[in-house]
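Okay, so here's the structure we're looking at.
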Amino acid sequence: MDLEQLQDLVEKDLKINDTELDLESLKTPQLHNKYLKHLNKFKLLLSRATSELFVLRKDKWEYYTGKASPDVYVQKPFHFKLLKTDVDKYIEADKDIIKAKQKVDYLNTIVDYLDKVVRQISNRGFNIKNAIDWRKFTSGAI
């Protein structure tokens, strides 16, 4: 599931049917659980992607400093001798590092979005209660 699919799902799930506020109120715990599961799944994916990025950075550091195994240089030769100050520039510009960082950033965006969705679901009960109170007020019950 990607971010766009999640956003579409949230848009559909979080609509409150104002003619059935009692059912909407009862639906809140299931929605909370559903999106909490998504949040936990994506947090774990983010953790894994972050760890993979750290390992990849170490491997690239070894590669660019000349400390990798000779087999690596047979597969992908590197004929430059870099200064220590230049190694970080090469690592950050490496296509594999950029791709891994984009993955981490994307997962961070999803986790942040789901965190806000879970908070919004937590506040859903207040919104429903306010709608009920407003109905009581406009009908003269309060």
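Of the residues making up the range 70-91, one or more are modelled with pLDDT of 90 or more and within 25 Å of the chain's Cα centre (by Cα). Residues in the range 101-142 that are of a type in the set (Ser, Thr, Tyr) and within 22 Å of Arg48 (Cα to Cα): how many? Number of matching residues: 3.
Residue count for the range 3-42 under the criterion of being hydrophobic (A, V, I, L, M, F, W, C) and not in a helix (DSSP H, G or I): the result is 2.
Within the range 21-49, restricting attention to residues that are open to solvent by 80 Å² or more (accessible area, probe 1.4 Å) and charged (D, E, K, R), the residue that is farthest from Lys136 (Cα to Cα) is Arg48.
The set of residues in the range 5-19 that are open to solvent by 70 Å² or more (accessible area, probe 1.4 Å) and more than 10 Å from Ile128 (Cα to Cα) comprises Gln5, Gln7, Asp8, Glu11, Lys12, Lys15, Thr19. Regarding the range 40-63, can at least one residue be identified that is under 30 Å from Arg135 (Cα atoms) and in contact with a helix residue (DSSP H, G or I) (Cβ under 7 Å, 6 or more places away or on another chain)? Scanning the range 40-63 turns up no residue that is under 30 Å from Arg135 (Cα atoms) and in contact with a helix residue (DSSP H, G or I) (Cβ under 7 Å, 6 or more places away or on another chain).
In the range 70-112, how many residues are open to solvent by 60 Å² or more (accessible area, probe 1.4 Å) and assigned to a helix (DSSP H, G or I)?
Step one: filter the range 70-112 for residues open to solvent by 60 Å² or more (accessible area, probe 1.4 Å), giving 70-71, 74-77, 79-81, 83-85, 88-90, 92-93, 95-96, 98-99, 101-103, 105-106, 108-109, 112.
If we keep only those that are assigned to a helix (DSSP H, G or I) as well, we get 70-71, 74-75, 84-85, 88-90, 92-93, 95-96, 98-99, 101-103, 105-106, 108-109, 112.
Here the count works out to 23.
Applying the selection to the range 102-136, what residues are modelled with pLDDT under 85 and not small (Gly, Ala, Ser)?
Step one: list which residues in the range 102-136 are modelled with pLDDT under 85, which gives 125-136.
If the condition is that a residue be modelled with pLDDT under 85 and not small (Gly, Ala, Ser), then Phe126, Asn127, Ile128, Lys129, Asn130, Ile132, Asp133, Trp134, Arg135, Lys136 are the ones that fit.
Inspect all residues belonging to the range 1-12 and state whether any of them is touching a Ser or Thr at 6+ places or on another chain (Cβ under 8 Å) and in contact (Cβ under 8 Å) with a residue 60 or more places away in the chain. Yes.
Applying a threshold of 8 Å to beta carbon distances and a minimum spacing of six or more residues, or different chains, the list of pairs starting in the range 85-100 at a residue that is farther than 17 Å from Glu52 by Cα and of a type outside the set (D, E, K, R) and ending at one that is open to solvent by less than 90 Å² (accessible area, probe 1.4 Å) and assigned to a helix (DSSP H, G or I) reads Val87/Tyr64; Val87/Thr65; Tyr90/Lys60; Tyr90/Tyr64.
The values are calculated or read from the model by the stated rules, or taken from the named source; none is laboratory data. Model, not experiment: these values are computed from the prediction. Reconstructed Cβ throughout: ideal geometry from the backbone, glycine too, with neighbour counts over all protein chains shown. Heads up: the accessible areas ignore ligands, DNA and RNA and are worked out on the full protein's heavy atoms, side chains in. Shrake-Rupley method; radii C 1.70, N 1.55, O 1.52, S 1.80 Å.
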